[in-house]
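Just below is one structure, and these are the notes that go with it.
The values are calculated or read from the model by the stated rules, or taken from the named source; none is laboratory data. A quick note: this is a predicted structure, and the numbers were derived from the prediction, not measured. Using ideal geometry, Cβ is built from the backbone for each residue, glycine included, and neighbour counts are taken over all protein chains shown.
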Amino acid sequence: MTLPNMISLARLLSVPVNVWLILIDQWRLALVIFCLAGLSDAVDGFLAKRFGMESQLGQYLDPIADKALLVSIYIVLGVQQNLPLWLVILVVSRDILIIGGLFLLFIFDQPYEPRPFLLSKINTATQIILAATVIAIPAFALDPSPLYLQLLILAVVVTTVVSGTEYLIDWWRRMNKLEQGKS
């Protein structure tokens, strides 16, 4: 177990704690843990690449931790009406699309090493910024400009749709190669 993998595992384990803190209105502590979890995503990737600590486990554990964190936080913020439900559905649907595509590739015994696209990384960053902002509002009784929140939501929508489309196109190409190979 490498240090980056331990960081990813800690991020994964922080998910239920973070959800619980939001549910019991402990917004400041939730914000601290969420921001540390979001920062840990960058730290584990940096350590893995910079110090040659990349591993097969890390290739799966890191995105699982990211998805678990963001999907859980978006769902709880949506249920509490801190985020629009349509946005939560969009974000969760994209992740279901990605996981479903990977599952189908696995079923058809197609090798796939999870390497996120650049736009997917940008999408993750915008989702983290929006969620942190939404958590910070009750944590510090902020009154942000509605335009600011709308721009953040728009950034999440655009990056979610475009990166989801990018994954769908990649999956479609892989499945077409598989079908052509069977002909």
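Scanning the range 49-101 for residues that are touching a residue at least 40 places away in the same chain (Cβ under 8 Å), more than 17 Å from the chain's Cα centre (by Cα) and under 23 Å from Pro138 (Cβ atoms) yields Gln80, Asn82, Pro84. One residue stands out in the range 127-146 among those that are at pLDDT 95 or above and among the small types (Gly, Ala, Ser): the one that is surrounded by the fewest Cβ atoms within 10 Å (Cβ to Cβ), namely Ala141. For Asp62, are the conditions met, namely being more than 16 Å from Ala132 (Cβ to Cβ), surrounded by 20 or more Cβ atoms within 10 Å (Cβ to Cβ) and modelled with pLDDT under 95? The answer is yes for Asp62.
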